[in-house]
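Shown next, in structure tokens, is the structure this report addresses.
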Amino acid sequence: MRKLGFYILTVCIGFILSATCPYAAENWALGSSGAGSGPYVWGGKIAKHINSNQGDLRISSQATAGFNENVELVVNGEIQIGLQDASVLTKAYNGTGPFAGHAQKRVRALFTVLVAPYHLVTRADANINTIYDLKGKKVNIGLPAQGTRVYNEAFLRAAAIAQSDIKVYEMATGQAFKALQDNVIDASGNLFSLGHGRLLELSANTKVRLVTIPDDVLTQFMKDVGGVIKYVIPQNTYEGQDKTVTTFGGVVMLFARDDLAEESAYMFTKAFWDNLSALNQDKSFRHLNKEQAHIKDLIVPYHPGALKYFKEKAMLD
């Protein structure tokens, strides 16, 4: 009888504990890029942000070989979410570019985490007032292996400017600032964050000009590339820049596989965007806003969990 009573007591205690103790959090790995890289740091900051604002998911930033490997890892179910350029995620979904012949139809977009506006920067004394004034000038279009090079080549095609129309220079982004200052080049097209420190420094020491991209060229470019958005650089972002500059923004976004649980994806999206003001305190995400969360014409389908949140908050166009 004592044994029976003890057994019943044990079962009751176990039931009470199971009813009152919280469920174990669901662990997700976020594929970023190589340890120490910018995307790896972004991944860590995003993970910390999500973990601080809910308790059902525990996110950790995982070092990977890069954005393209993230696609493979997510599709194979080795990680739950990953970072990728929206334009490249489109190529993965369509099976083009680096994914030629291997369309990844299971990828699903979650939301934008960063927008890097394209800066077409010239020295003021180079007399480049419109994109068509680039003809005959010394223009840096980036190294062949850079993503920047892909954007520059697509921009030139959309503007109907042949590479033979300009004097092509191939430099890494970091080299372009000194090259502009020293008159080695006349212009450089690069993607970096708004208010980029090196450009702020350059504009303080050298008179520079940011060149607007005309709407017709921008429309053609966005059609050709996909996964980019129209972006307006506010006036006075850089010294001497007294007008707004219309350009495009390269988009970095999070993505998942199509079978990620809808409610989990919803919780993840909600934790990120409901607490955006806290994330905006970090300089990497200072200019991120809710209008950038959803790309209207993205070819890659959005995950239903993310769409549920966007609809709930009237964030869809």
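The values are calculated or read from the model by the stated rules, or taken from the named source; none is laboratory data. Here the structure is a predicted model, which is why all the values come from computation and not from measurement. Cβ atoms come from the backbone with ideal geometry, glycine included; neighbour counts cover every protein chain shown.
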message: Here is a list: LEU218, LEU298, LEU260, LEU254. Which entry is part of a loop (DSSP other than H, G, I, E, B), surrounded by 13 or more Cβ atoms within 10 Å (Cβ to Cβ), touching a strand residue (DSSP E or B) at 6+ places or on another chain (Cβ under 8 Å) and at pLDDT 95 or above?
response: LEU260
field: Checklist (1) of a type in the set (Phe, Trp, Tyr); (2) within 20 Å of ILE131 (Cβ to Cβ); (3) over 15 Å from the mean Cα position of the chain (by Cα) applied to TYR266, failing item
entry: (2)
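For (1) surrounded by 20 or more Cβ atoms within 10 Å (Cβ to Cβ); (2) part of a helix (DSSP H, G or I), each residue gets a yes or a no:
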{"position": "GLY142", "(1), (2)": "yes, no"}
{"position": "THR148", "(1), (2)": "yes, yes"}
{"position": "ASN152", "(1), (2)": "yes, yes"}
{"position": "PHE155", "(1), (2)": "yes, yes"}
{"position": "ILE161", "(1), (2)": "no, no"}
{"position": "VAL168", "(1), (2)": "no, no"}
{"position": "MET171", "(1), (2)": "yes, no"}
{"position": "PHE177", "(1), (2)": "yes, yes"}
task: Working only within region 29-62, note down all residues that are surrounded by 15 or more Cβ atoms within 10 Å (Cβ to Cβ) and either of a type in the set (A, V, I, L, M) or not assigned by TED's automatic domain parsing to the domain that holds MET267 (or both).
output: ALA29, LEU30, VAL41, ILE46, ALA47, ILE50, LEU57, ILE59
query: Is one or more of the residues making up region 80-95 over 18 Å from the mean Cα position of the chain (by Cα) and in a loop (DSSP other than H, G, I, E, B)?
result: yes
- request: Run down ILE229, ILE213, ILE233, ILE166 and say which single residue is β-branched (Val, Ile, Thr) and without any contact (Cβ under 8 Å) to a residue 60 or more places away in the chain.
  value: ILE166
statement: Across (1) surrounded by fewer than 22 Cβ atoms within 10 Å (Cβ to Cβ); (2) touching a residue at least 24 places away in the same chain (Cβ under 8 Å), LEU134 clears everything bar (1)
task: Select, from ALA24, ALA103, ALA35, ALA65, the only residue that is farther than 19 Å from ALA261 by Cα, more than 19 Å from the chain's Cα centre (by Cα) and outside any helix (DSSP H, G or I).
output: ALA103
message: Being of a type in the set (Gly, Ala, Ser), touching a helix residue (DSSP H, G or I) at 6+ places or on another chain (Cβ under 6 Å) and farther than 28 Å from GLY195 by Cβ is the filter here; which residues of region 260-305 pass it?
response: ALA265, GLY305
